[in-house]
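Note sheet for the following structure.
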There are 8 protein chains.
Amino acid sequence: MLGPSDLSVYLSGEIHTDWRDQVMAACETAGLRIDFSGPVTDHGASDDCGVVLLGEEDLPFWRDHKGAKINAIRTTVLIEQADIVVVRFGDKYRQWNAAFDAGYAAALGTPVIVMHPPELTHALKEVDAAALAVCETPAQVAQVLAYVQTGRLPGR
Amino acid sequence: MLGPSDLSVYLSGEIHTDWRDQVMAACETAGLRIDFSGPVTDHGASDDCGVVLLGEEDLPFWRDHKGAKINAIRTTVLIEQADIVVVRFGDKYRQWNAAFDAGYAAALGTPVIVMHPPELTHALKEVDAAALAVCETPAQVAQVLAYVQTGRLPGR
Amino acid sequence: MLGPSDLSVYLSGEIHTDWRDQVMAACETAGLRIDFSGPVTDHGASDDCGVVLLGEEDLPFWRDHKGAKINAIRTTVLIEQADIVVVRFGDKYRQWNAAFDAGYAAALGTPVIVMHPPELTHALKEVDAAALAVCETPAQVAQVLAYVQTGRLPGR
Amino acid sequence: MLGPSDLSVYLSGEIHTDWRDQVMAACETAGLRIDFSGPVTDHGASDDCGVVLLGEEDLPFWRDHKGAKINAIRTTVLIEQADIVVVRFGDKYRQWNAAFDAGYAAALGTPVIVMHPPELTHALKEVDAAALAVCETPAQVAQVLAYVQTGRLPGR
Amino acid sequence: MLGPSDLSVYLSGEIHTDWRDQVMAACETAGLRIDFSGPVTDHGASDDCGVVLLGEEDLPFWRDHKGAKINAIRTTVLIEQADIVVVRFGDKYRQWNAAFDAGYAAALGTPVIVMHPPELTHALKEVDAAALAVCETPAQVAQVLAYVQTGRLPGR
Amino acid sequence: MLGPSDLSVYLSGEIHTDWRDQVMAACETAGLRIDFSGPVTDHGASDDCGVVLLGEEDLPFWRDHKGAKINAIRTTVLIEQADIVVVRFGDKYRQWNAAFDAGYAAALGTPVIVMHPPELTHALKEVDAAALAVCETPAQVAQVLAYVQTGRLPGR
Amino acid sequence: MLGPSDLSVYLSGEIHTDWRDQVMAACETAGLRIDFSGPVTDHGASDDCGVVLLGEEDLPFWRDHKGAKINAIRTTVLIEQADIVVVRFGDKYRQWNAAFDAGYAAALGTPVIVMHPPELTHALKEVDAAALAVCETPAQVAQVLAYVQTGRLPGR
Amino acid sequence: MLGPSDLSVYLSGEIHTDWRDQVMAACETAGLRIDFSGPVTDHGASDDCGVVLLGEEDLPFWRDHKGAKINAIRTTVLIEQADIVVVRFGDKYRQWNAAFDAGYAAALGTPVIVMHPPELTHALKEVDAAALAVCETPAQVAQVLAYVQTGRLPGR
């Protein structure tokens, strides 16, 4: 009790599994009042937004650049608004943007929760060191958020 | 989805065309929830506010100075409140205040979207370099804002 | 139009005339949506709060000190929350706290409006230099605030 | 009057007496509009949260570490959101976390109210020096908060 | 010992007595390493700088305004560079600029030392409340600075 | 006296006249200790740096973009290090980058000195309103800097 | 190699043992270039500074208050100047000021190293959670500082 | 000319090639005055520092955690001191710490230069979007730094 009545949480990182849906569903089931946000999870839209919105490019570098900057508008606004940033690293892809978001949030002093499988521990040790919680599953993320808002542990 | 549910956007720059109305209308048609703000677009009021509100001046310098400072109250408050600043440069006038607003927003870390015709590219290269999107039309600005809030590209 | 829909204004300085009431009444008449705040204007309460709330003191210095610090809780919170700080200097009293508030707001980058009779111009030149508007009457303050929120000048 | 219409207050420190309930009840009786928050006051949950939420630990150091970091998510969010931080020191326990919270709030420029019995004055002199009010009872804390919001002293 | 090896101290306020010289001489005698700065103490130069440097003005308001802004360049730079700000209030003049400087320094989190005769205690209670030391004489200011740098009290 | 012993001044704006040399020569003649910096004044180098350093581009937009961003490294570092920013506007070119620098410095709270011919007053009124001195000649800029550092007016 | 060539380290906390001398001697032996600072370690001077420098007080509360505020000038300046803050907790005394300093440094984003005997682990878990290294001995503190500056581990 | 006389550059990222030596040698040959810093490039020391300095750990997670936090002391200090951060991504390893550093620097407003082979463009597009220069070779990094400090392009 006496926790934050309104909580904004940005869900950064991996966009190829349904981990965001799992976290949000678990929080909704638990009756939490959390305003979730996240990156564009439609991989095609995220990659193409620059050229679709602002015009085609011949070179892949500028094609990527235009799109990444438009996505950065969104990410900057949402991370600045967030009380907590959750960053998910998966087995696939290099996900440098996820680590970038974690560094950005850490520099702002915003609490970071990291979620990754245990076999990534050594590779992610610097990111984990900046985090206030290191989870392995969406259910753990949801329980940590529940504890932050309600002060109650599961089953107590 | 998962975008910013509330978004404050300041529309800086040119006040002699209806580009703001076009951006706002397009965003409303798209069903976006954006709180727009902007400078006083009544050119006469913007120029005269100092002497009308606080007393006449003999010298043009102080007449301008008094007015510009009152407008600065408004601009400062609105840019500080904005999540995104859009800056429009047109063919006419020097619009140094638009570039000033862009620099102010950039220093605050607020995302900047620039809109100008392509023939101004070389003259505006430093401002463009600080922006996260460079648009040519109000429709593009609206579509970028739509993507930021909804994560959806037009026609998909 | 397109001005700040919500505006927080702190009314600092002189507490022995009804200038705050005049500003607020004029803004209400003009239909503005402004959330006003200010110091405790009950002079006795403001002076006595330290010893009434936290216990008597023998020495005047500590009596004043305890009270001034409690008032500082209030002032700090309100100036931090304010979009604009209005500071009124009158003929009587030294009102160093008003000038202190102006310096505090200026350092935060919050726009400052000053109100004082013209005969104080030389003595207040440093404070005026940090202000974005220098008014003489409550009506002027209200009109400046109206222009900031609505973009309209009186009589136009 | 003219005080902060909405006020967020974080109640830090001692979790073994009902001082928070007393402060909140007194504020509610006085009709104040304050959004209170505080640490998890279930001592067991606060101590165990790390291992319950994120997995058992063999060593007490890491068991404590995991829990303290999860509690830090909550504390960081709430202190950043608070307009005022109240810190209570009691006779028992060392309560270094309470002093840590006071230092954290002071560095943010957030007003700090301290509450402790008079016999702790010498030991707490550095914390008291950073506070804007030093109270002895929950009733005093509530009265200070009432004065901050309403500008009225009790019995006047 | 173990104090700040280099210390920048800004001496704000009254310019009509030799209190700055007294503070600096006492610190030099004590062997302190302090980089002192302060406002322009040539009253005429301080008042005239605007019109002498940037051209005459007909109206006293703008004459003062131009000068006060040029002095503000100096003051802003020096207060931002200072580790400690000392503010002296005397019997004469209203010295609103001194109180402005105190508020500015307080908002930056820079420690403030105030110096004034005891009869000004009630009028300066808000400024004193924001200060970390309230002195009456230049000798006291110098001794406080000596203690800050050397950790030694006089005569010990 | 008692002015800033070391002063860093960034000279922004027009690169087609020798105004920087005039300001620096006058300050050197006056015996000032100022560390001047400024943009790359070799117009060709400034325009070409992107493609020369990082590879050719087909499109003018990206050619400009690459160069402007490299220049932004320099500008960002130098404006952050500067105690004062001087911005010069001339008759030719639109110099939006100069206004951008002024806005950037203003948002950082760094004092801005503007220099421009009087016929630009109306067009530059918003920039002038954010400046602490508006000069017309390099000699005036140098004299303002001399006053800031030495507290002495010319001829006194 | 490639470490910070100059490093400022503030040694906070316990003043009744010679742990500071041990840390500094070990760093000097290792040839490190570190500028150490710390609180006044003459307990009597630290307690008496308020009344010795600014005049006697009848009440212990104000006697402590005056002294603690003067010490706060020193502490504020030194912690703001420090790159790293080391905080030592011992068996004796409650050392709330040490925890206050740790919280202050943490809010500034300054790295904190904590040193305490293992039996204090549970009581200090919140402070440890905010630290980047938890040491037990002065030799460990010195070795961590050596590694930070030189990148070399002992015996390698 | 007129560039930054002193420049601090942090070289983040890949530690398995000699790219830092190449950048530094090229800058030294060019006569630049740059104070370089970087992470510990002795992989073993970087991995082992936690347990060597602060005691062995049974679990790999805590072994990594202790070490990563000690390295974070160093990284935090150096990135805060740096005027420019260069981040190198290579083919091997995931280098999430490099992306974390880039995000941290970006949030501080510190200019970022990225260096990576072109085949990583798509994977690094978000990091590139936050950078002011994207290089492929150490020679390019050195030339960009040379241009920032001297304003001269190679061969001109």
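Please go through the range H:82-114 and pick out each residue that is at the interface with chain A (Cβ under 7 Å from one of its Cβ atoms) and either in contact (Cβ under 8 Å) with a residue 60 or more places away in the chain or not charged (D, E, K, R) (or both). Once the filter is applied, which keeps residues that are at the interface with chain A (Cβ under 7 Å from one of its Cβ atoms) and either in contact (Cβ under 8 Å) with a residue 60 or more places away in the chain or not charged (D, E, K, R) (or both), the range H:82-114 yields H:Trp96, H:Asn97, H:Ala99, H:Phe100, H:Asp101, H:Ala102, H:Gly103, H:Tyr104, H:Ala106, H:Ala107, H:Leu108. The residues of the range E:26-65 include none that are out of contact with any strand residue (DSSP E or B) (no Cβ under 9 Å at 6 or more places or on another chain), touching a residue at least 40 places away in the same chain (Cβ under 8 Å) and loosely packed, with under 15 Cβ neighbours inside 10 Å.
Residues that are in contact (Cβ under 8 Å) with a residue 24 or more places away in the chain and at the interface with another protein chain (Cβ under 7 Å from one of its Cβ atoms) were ranked within the range D:115-129; the one that is farthest from G:Arg94 (Cα to Cα) is D:Val127. Listed by position, the helices (runs of 4 or more DSSP H) contained in the range E:90-156 that have at least 2 residues being surrounded by fewer than 20 Cβ atoms within 10 Å (Cβ to Cβ) are E:138-150. The residue that is nearest to the other protein chains (Cβ to nearest Cβ), counting only those in the range A:47-65 that are under 22 Å from the mean Cα position of the chain (by Cα) and not small (Gly, Ala, Ser), is A:Asp64. Taking the range H:8-25 as the range and being buried (at least 16 other Cβ atoms within 10 Å of the Cβ), modelled with pLDDT of 95 or more and either farther than 20 Å from H:Asp83 by Cβ or at the interface with another protein chain (Cβ under 8 Å from one of its Cβ atoms) (or both) as the test, the residues that pass are H:Leu11, H:Arg20. For B:Arg74, the criteria (1) modelled with pLDDT of 95 or more; (2) under 23 Å from F:Lys69 (Cα atoms) hold in every case but one, which is (2). Check whether at least one residue in the range B:135-149 is facing chain F (nearest Cβ under 10 Å), within 19 Å of F:Trp62 (Cα to Cα), modelled with pLDDT of 95 or more and in contact with a helix residue (DSSP H, G or I) (Cβ under 6 Å, 6 or more places away or on another chain), and report yes or no. No, the range B:135-149 has no match at all. With respect to D:Gly44, determine if the residue is modelled with pLDDT of 95 or more, within 12 Å of chain G (Cβ to nearest Cβ) and out of contact with any Leu (no Cβ under 8 Å at 6 or more places or on another chain). When the stated conditions are applied, D:Gly44 does not pass them. With the structure loaded, tell me whether D:Val87 is surrounded by 23 or more Cβ atoms within 10 Å (Cβ to Cβ) and outside any strand (DSSP E or B) or whether it fails that test. No.
The values are calculated or read from the model by the stated rules, or taken from the named source; none is laboratory data. Owing to the predicted nature of the structure, the values given are computational and were not obtained by experimental measurement. Because the Cβ atoms are built from the backbone with ideal geometry, glycine has one as well, and the counts that use them run over all protein chains shown.
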